[in-house]
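Below: one structure, written as structure tokens.
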Amino acid sequence: MSAESTASRGVPNQRVRRFHEWRGSRPFWAGLFTMIGGVPIAYFPYADLRLGNMTIAMATTGGAGALIIGVLLVTLGLTMWFQPVVRVFAGVAAIVLALVSIPVSNLGGFFMGFLLALIGGGLSVAWAPGAPVAETAKPAGEPTDADAGEHEYDGQPQGSEAPEETLAVDFGKAPVPEQRTGEEPDPQAGPGAQATESTIDANGGRNSAG
């Protein structure tokens, strides 16, 4: 697989992700229903229905009012998309225009435009932006504060991290030789002296002489 094909696949994915982010930050479906609801309200008063050789004109005296209501609904739908701050006002206005379209525009575009505009206005009023994330999640490999606390060593540091006073005391002590099995230290040699064979023999000679 070439690098160009891999790069070309990444571009649509980025566009789709950006579209999802843009759609989630505004009342997208409310604006879509509102704009679709304005189409039948503005279209039916100016449309002609043909049944074979017979033409039925559905134009009414309120044709201009129906056109205005349809255009306003499309405008309110675009306002919900690109100006989500005024979504409540746009939703209430869409509901009012949907109700007005019933007597003005052929029963609200034969109830199709009325229902769509009513649903879009209700969704716009009820929509609210999501709460921002307070703290971003850390990567999987990065240790957390709890893990760092578990492995924390509270004892005295050793090696190069030990204090100077501790090192001085440790180096000032004379090493104590290990005592062999079966040997006793000489009390006259001082504490920590190792017992040897000559010491044992001398002690035994004094005892036998005395």
>> Ranking request for peptides 81-88, 92-99: highest mean number of other beta-carbon atoms within 10 Å first, then the rest in descending order.
In response: 92-99, 81-88
>> Using each residue's phi in segment 121-128, evaluate 6.51 cos²θ - 1.76 cosθ + 1.60 at θ = phi - 60° and report the 3J(HN,Hα) Karplus result to the nearest Hz, with x for Gly and Pro.
In response: x, x, 5, 5, 5, 7, 6, 9
> When the chain is fully extended, how far beyond the present Cα-Cα distance does Phe89 get from Asn53, taking 0.36 nm per residue of separation?
Replying inline: 8.3 nm
> What's the extension gain from Arg23 to Leu107 if we count 0.36 nm per residue and subtract their Cα-Cα distance?
Replying inline: 27.1 nm
> Can you give the accessible area of Val74 in Å² (nearest 10), computed on protein heavy atoms with a 1.4 Å probe?
Replying inline: 50 Å²
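The values are calculated or read from the model by the stated rules, or taken from the named source; none is laboratory data. These numbers were taken from a predicted model, which means no experiment stands behind them. We place every Cβ from the backbone using ideal geometry, glycine too, and count neighbours over all the protein chains shown. Quick note on the areas: whole protein, heavy atoms, side chains included, nothing else; ligands and nucleic acids left out. Shrake-Rupley method; radii C 1.70, N 1.55, O 1.52, S 1.80 Å.
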